[in-house]
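I have placed the structure first, in the form of structure tokens, so that the comments after it can refer back to it.
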Amino acid sequence: MKPKCRNIKHRFCNFRCSKCGCIIGAVLVGILVILIFISGFSLLISCFNASDDLVSCMAAIALCAGSFAAGFNFARRRRRHGLLSGIGIGILIYLVVFLAGIILLKSFSGAGTFMKFILVLLCSCIGGVCGVNTRICKPPK
């Protein structure tokens, strides 16, 4: 019989491996990837003059990369239901980005909102399927 451990590290490990911990971790990874891509693209834009179409394309690429990373991270941790996991995480990523846009801009712009939602769902579903199908790394013996 295994003794029960009551230290803080063990509790954190249990939370991190739980469904709620996986969701929070995946959303944070997705937002972090979006911020990294946006920062890199803003550095590129500052070096040369970019059109508005190129800027919106870069924003869509950043959103797709972040949603793929979030879906991949969640599905790799949970190891089941990759497509459904991707859909759920995609909806959460979209809601976080949408609410952050409303809070920061203090207005609602409906232009391209449905298309961004479809892009986020598609990329997070692909990430979920890829995350479930990755090999489990086993340490060498």
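The values are calculated or read from the model by the stated rules, or taken from the named source; none is laboratory data. Being a predicted model, the structure only gives us computed values, none of them experimental. Cβ placement follows ideal geometry from the backbone for every residue including glycine, while neighbour counts extend to all protein chains displayed. Accessible surface areas use protein heavy atoms only, side chains included; no ligands, DNA or RNA. Shrake-Rupley method; radii C 1.70, N 1.55, O 1.52, S 1.80 Å.
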Exercise. Using the Karplus equation 6.51 cos²θ - 1.76 cosθ + 1.60 (θ = phi - 60°), what ³J(HN,Hα) coupling, rounded to whole Hz, does each residue of segment 124-131 give in order, writing x for Gly and Pro?
Worked result: 6, 5, 4, x, x, 5, 5, x
For this session: Using a Förster distance of 35 angstrom, determine the FRET efficiency expected from the C-beta separation of Ile118 and Arg79, and round it to 0.05.
Result: 0.85
Problem set entry | In Å², nearest 10: area of Phe114 left accessible to a 1.4 Å probe | 150
Seminar exercise, completed: Once Thr134 and Leu99 are pulled to full extension, the length gained, defined as 0.36 nm per residue separation minus their Cα-Cα distance, is 9.4 nm
